[in-house]
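**Q** Quick one: this structure, given as structure tokens, is what I'll be asking you about.
The values are calculated or read from the model by the stated rules, or taken from the named source; none is laboratory data. What you see is a predicted model, and the numbers here were worked out from it, not measured in a lab. Cβ sites come from the backbone with ideal geometry, for glycine too, and all protein chains shown count toward neighbours. In case anyone asks, the SASA skips ligands and DNA or RNA and just uses the protein heavy atoms, side chains included. Shrake-Rupley method; radii C 1.70, N 1.55, O 1.52, S 1.80 Å.
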Amino acid sequence: MRPNYTLPRLHLPQTLDGEIVLSKEHAHYLGTVLRKGVGDEVRLFNDEDGEWAAVVVSAAKRAMTVRVDLQLRAPHIVPDIRLLFAPIRKHRTATILEKATELGVRTLQPVLTARTQFPKLNLERARAQIIEAAEQTERLDLPELCEPKPLFDAVRGRTLIFADESGDGRDVIGADLEMPLDLLIGPEGGFSPEEREQLLDMPSVIPVSLGPRILRADTAAISLLTLVQASCGDWRHI
Ligand code: SAH
């Protein structure tokens, strides 16, 4: 059955069963912001349980209890795409987090590169942005957000699609990619020659071009994720 998209969606990490007392934040959002009360319906979701219909059974000022009813959607995990991105200025990093969540990334790995100007990432705020994007985009799982790491500590043996602004990269379309995939986007200042050389020396690294113009890092992240999902991800109806 198609879910009723007008019903609010809340990500709850706990098992979706029986009666659940909502967090203060969720009670505030549901009760005060959305003005929901006893008898109103809401949708609850998380990675393990999928999405469930629930109904408000008690609503006090800062406390609200819901009762879980029936399952609306089985759990669905997005393709195993890990996005390695150099944190950039705050609002553009927020764009990367939100768009990557909508575009179905599974893991977000901030990486510190030679030219990263904004190494500090407020993980608390980032996590809240990710949850909000996941609720809005009707995702059933949350991307995992990792602590920032130096670039080469974050690179594993998986196939790494390296968005190489130098112009020597291959086309993504037709590159015959398959999951799992790591994607790498650099900072506003790009990659240093040493970083590019070290990346190109790695057997699992595939440098790709995102066209003849220089894209902002957030545009590059959105573009590369779109190409990957459309060519070998969960946008294709297999
Ligand atoms: N200051 C750099 C550009 C950095 S753009 C310069 O002028 O060369 C930020 C990141 O977005 C880059 O590190 C790269 O990962 C990606 N990117 C931007 N444009 C791209 C393109 N045309 N092809 C491939 N990657 C690109």
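**Q** What do you reckon, is Gln117 open to solvent by 60 Å² or more (accessible area, probe 1.4 Å), away from the ligand (no atom under 16 Å from the Cβ) and either at positive phi or at pLDDT below 95 (or both)? Walk me through it before giving the result.
**A** Values: open to solvent by 60 Å² or more (accessible area, probe 1.4 Å): yes; away from the ligand (no atom under 16 Å from the Cβ): no; either at positive phi or at pLDDT below 95 (or both): yes.
So Gln117 does not fit the description; no.
**Q** Still on this structure, I have one more. Pairs, please: C-beta under 7 Å, at least 6 apart or cross-chain, first residue among the hydroxyl-bearing types (Ser, Thr, Tyr) and in the stretch 137-149, second buried (at least 18 other Cβ atoms within 10 Å of the Cβ)?
**A** Short answer, once both residue conditions are applied: Thr137/Thr101.
**Q** Kindly indicate whether Ala163 is among the small types (Gly, Ala, Ser) and more than 10 Å from the ligand (Cβ to nearest atom). Let's see the steps before the verdict.
**A** Numbers: among the small types (Gly, Ala, Ser): yes; more than 10 Å from the ligand (Cβ to nearest atom): no.
Criteria not met by Ala163.
**Q** Sticking with this one: Taking the options Pro187, Pro207, name whichever one is in a strand (DSSP E or B) and within 12 Å of the ligand (Cβ to nearest atom).
**A** Numbers: Pro187 fails: in a strand (DSSP E or B).
None of the others qualify; the one that does is Pro207.
**Q** Can I ask one more? Return the only residue of Glu124, Glu188, Glu132, Glu147 being open to solvent by 60 Å² or more (accessible area, probe 1.4 Å) and over 30 Å from Gln14 (Cα atoms). Reasoning before the result, please.
**A** Numbers: Glu124 fails: over 30 Å from Gln14 (Cα atoms); Glu132 fails: over 30 Å from Gln14 (Cα atoms); Glu147 fails: over 30 Å from Gln14 (Cα atoms).
Going through Glu124, Glu188, Glu132, Glu147 in turn, just one is open to solvent by 60 Å² or more (accessible area, probe 1.4 Å) and over 30 Å from Gln14 (Cα atoms): Glu188.
**Q** For the stretch 95-114, give me each residue that is open to solvent by 10 Å² or more (accessible area, probe 1.4 Å) and within 11 Å of the chain's Cα centre (by Cα). Walk me through it before giving the result.
**A** Filtering the stretch 95-114 down to residues open to solvent by 10 Å² or more (accessible area, probe 1.4 Å) leaves 95, 98-99, 102-103, 106-107, 112-114.
Once the filter is applied, which keeps residues that are open to solvent by 10 Å² or more (accessible area, probe 1.4 Å) and within 11 Å of the chain's Cα centre (by Cα), the stretch 95-114 yields Thr95, Glu98, Lys99, Glu102, Leu103, Arg106, Thr107.
**Q** Kindly indicate whether any position in the stretch 151-170 is assigned to a helix (DSSP H, G or I), in the same structural domain as Leu225 (by TED's automatic domain parsing) and polar (S, T, N, Q).
**A** Of all residues in the stretch 151-170, those assigned to a helix (DSSP H, G or I) come to 151-154.
Okay, now just the ones that are also in the same structural domain as Leu225 (by TED's automatic domain parsing), so 151-154.
With the extra rule that they be polar (S, T, N, Q), the set shrinks to none.
The answer is no, given that none of the residues of the stretch 151-170 is assigned to a helix (DSSP H, G or I), in the same structural domain as Leu225 (by TED's automatic domain parsing) and polar (S, T, N, Q).
**Q** Within the stretch 192-204, which residues are touching a Leu at 6+ places or on another chain (Cβ under 8 Å) and either within 13 Å of the ligand (Cβ to nearest atom) or in contact (Cβ under 8 Å) with a residue 60 or more places away in the chain (or both)? Before the answer, list the steps.
**A** Taking the stretch 192-204 and keeping what is touching a Leu at 6+ places or on another chain (Cβ under 8 Å), we get 195, 199, 202, 204.
Residues satisfying the conditions are Glu195, Leu199.
**Q** Take the residues of the stretch 221-238 that are part of a helix (DSSP H, G or I) and more than 15 Å from the chain's Cα centre (by Cα): which is nearest to the ligand (Cβ to nearest atom)?
**A** Start the filter on the stretch 221-238 by keeping residues that are part of a helix (DSSP H, G or I), which leaves 221-232.
Narrowing the set further to residues that are more than 15 Å from the chain's Cα centre (by Cα) leaves 227, 230-232.
Working: Leu227: 11, Ala230: 17, Ser231: 16, Cys232: 18 Å.
Once the filter is applied, the top-ranked residue is Leu227.
**Q** Which residue is least open to solvent (accessible area, probe 1.4 Å), if the candidates are limited to the stretch 1-27 and must be in a loop (DSSP other than H, G, I, E, B) and of a type in the set (Val, Ile, Thr)?
**A** So the first thing to find is which residues in the stretch 1-27 are in a loop (DSSP other than H, G, I, E, B), and the list is 1-8, 12-18, 22-23.
Going one step further and asking which of them are of a type in the set (Val, Ile, Thr), we end up with 6, 15.
Numbers: Thr6: 117, Thr15: 99 Å².
By that ranking, first place goes to Thr15.
**Q** Would it be correct to say that Leu97 is closer than 16 Å to Leu142 by Cα and either among the charged types (D, E, K, R) or touching a residue at least 60 places away in the same chain (Cβ under 8 Å) (or both)? Spell out how you get there, then give the answer.
**A** Values: closer than 16 Å to Leu142 by Cα: yes; either among the charged types (D, E, K, R) or touching a residue at least 60 places away in the same chain (Cβ under 8 Å) (or both): no.
It is false that Leu97 is closer than 16 Å to Leu142 by Cα and either among the charged types (D, E, K, R) or touching a residue at least 60 places away in the same chain (Cβ under 8 Å) (or both).
**Q** Something else now. Take the conditions aliphatic (A, V, I, L, M), in the same structural domain as Leu177 (by TED's automatic domain parsing) and either within 23 Å of the chain's Cα centre (by Cα) or modelled with pLDDT of 95 or more (or both) and apply them to Ala54. Does it pass?
**A** Numbers: aliphatic (A, V, I, L, M): yes; in the same structural domain as Leu177 (by TED's automatic domain parsing): no; either within 23 Å of the chain's Cα centre (by Cα) or modelled with pLDDT of 95 or more (or both): yes.
When the stated conditions are applied, Ala54 does not pass them.
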